[in-house]
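Colleague: Got a structure for you, questions after.
Only the coordinates and a few stated rules stand behind these numbers; no lab work does. None of the values given here were measured: they were computed from a predicted structure. Positions of Cβ are generated from backbone atoms using ideal geometry, with glycine treated the same way; all protein chains shown enter the neighbour counts.
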């Protein structure tokens with residue numbers, strides 16, 4: 001589906017192959033694929049096939065949309081385009097973003113019989129813009145958290161989460177980070193306004209309780225800057241999304257090792273609180289799950305481990321296991 005509306009093409013960056021997707025902080029704003037900037041250009045291979053091409057409108061689901069939306073035929077989408085596999089701009093291609101989030105949003109729009117007027121936005125600006133009415137829906141790997149649920153409605157479409165990565169060959173953390181005590185005395189790099197910042201802040205006393213030096217947190221506005229800091233030794237470890245870090249570690253140029261999942265979070269389309277759009281979006285996602293389109297999209301982007309069985313509106317935040 002062709003997207004219309006203003007879009008800002010992002011510059012290529014040497015580190016873009018390894019750019020991360022970012023889940024954003026509930027109390028602040030979006031939880032996205034990274035934010036605009038150099039990190040959003042990526043030379044990721046374009047997977048073959050287009051699982052969205054065969055999707056058609058489903059009248060009974062489209063009827064769940066408000067009459068005004070059906071009549072207008074469009075929705076304004078604030079879209080955070082950050083890095084593969086969620087959403088990115090392929091280097092050397094036309095000015096159209098690709099990625100898992102792009103395909104799922106476009107497939108949902110086709111089921112609903114509407115067009116998306118997609119506008120690039122940094123993830124930290126999207127949730128406030130939903131409240132002001134600038135956008136009807138936000139996309140960008142937004143994680144569902146208790147704090148955010150107070151002001152935002154979500155329709156889930158995937159399960160991602162938090163993880164860690166280090167410079168390739170660094171074995172000082174062991175094979176996995178399962179406890180934040182492992183970070184004590186280290187410097188952790190995170191994206192600005194992210195759920196990672198919230199997690200680290202909430203657990204900042206763990207090192208003192210363990211009799212260890214506290215961890216230091218460095219915040220970066222762009223994913224490429226975070227990776228560069230890791231490569232240069234200015235930080236010891238990156239905390240970011242599971243799918244983004246896993247993809248990054250698969251790219252030889254990134255020079256990182258993935259240290260596994262720390263925590264899982266549901267991810268969803270974001271709406272202003274009380275939006276009349278949520279029922280239609282949930283039904284559309286579930287239709288895609290039922291007819292196999294959803295599995296084909298996740299298979300295309302290598303994220304099948306993050307599949308959900310059914311879409312939900314405002315599920316509770318996952319507890320750390």
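Colleague: On the Cα set of the range 162-262, report Rg and Dmax in Å, please.
Modeller: 12.5, 38
Colleague: Okay, next question. Give me 221, 275 ranked fewest to most by other Cβ atoms within 10 Å of their Cβ, as a rough exposure proxy. Spell out each step's value before the answer.
Modeller: Values: 221 15, 275 20.
The most exposed by this proxy come first: 221, 275.
Colleague: Please report how far the C-alpha centroid of the range 179-240 lies from that of the range 136-177, rounded to the nearest whole angstrom.
Modeller: Rounded to whole Å, the Cα centres lie 14 Å apart.
Colleague: Using the number of other C-beta atoms within 10 angstrom as an exposure proxy, rank 220, 196, 258 with the fewest first. Walk me through the numbers before you get to the answer.
Modeller: On the way: 220 22, 196 28, 258 19.
In order of increasing Cβ crowding within 10 Å: 258, 220, 196.
Colleague: Here's something else I'd like to know. When DSSP beta bridges are limited to those with both residues in the range 162-262, what percentage is antiparallel, rounded to the nearest 5? Present the calculation step by step, with values, prior to reporting the outcome.
Modeller: On the way: 8 of 15 bridges.
Here the antiparallel bridges make up roughly 55 percent for the range 162-262.
Colleague: Would you mind checking the radius of gyration and Dmax of the range 113-199 based on alpha-carbon positions, in Å?
Modeller: Here Rg and the maximum Cα pair distance are 17.0, 53 Å.
Colleague: Between residue 205 and residue 176, what is the spin-label point distance in nm, taking each point 7 Å from the Cα along the Cα→C-beta axis?
Modeller: Those two pseudo-labels are separated by 2.8 nm.
Colleague: Given 10 °C and 1.306 mPa s, how large is the Stokes-Einstein diffusion coefficient of the range 195-312 in µm²/s, with Rh as the Kirkwood radius over Cα pairs? Present the calculation step by step, with values, prior to reporting the outcome.
Modeller: On the way: Rh = 17.5 Å.
D, rounded to a whole number, is 91 µm²/s.
Colleague: Let me ask another. I want to check the label-to-label distance for residue 219 and residue 63. Put each point 7 Å from Cα in the C-beta direction and report it in nm to one decimal.
Modeller: 4.8 nm
Colleague: Using only the Cα atoms of the range 249-321, what do you get for the radius of gyration and for Dmax, in Å?
Modeller: Radius of gyration, then largest Cα-Cα span, for the range 249-321: 15.5, 45 Å.
Colleague: If I model a spin label at residue 290 and residue 304 as a point 7 Å from the Cα along the Cα→Cβ vector, what separation in nanometres do I get?
Modeller: The modelled label-to-label distance comes out at 2.3 nm.
Colleague: Continuing with this model, one more query. Order by neighbour count: 58, 242, 108, fewest other Cβ atoms within 10 Å first, most last. The partial results should precede the final answer.
Modeller: On the way: 58 17, 242 25, 108 31.
Final ranking by Cβ density, sparse to dense: 58, 242, 108.
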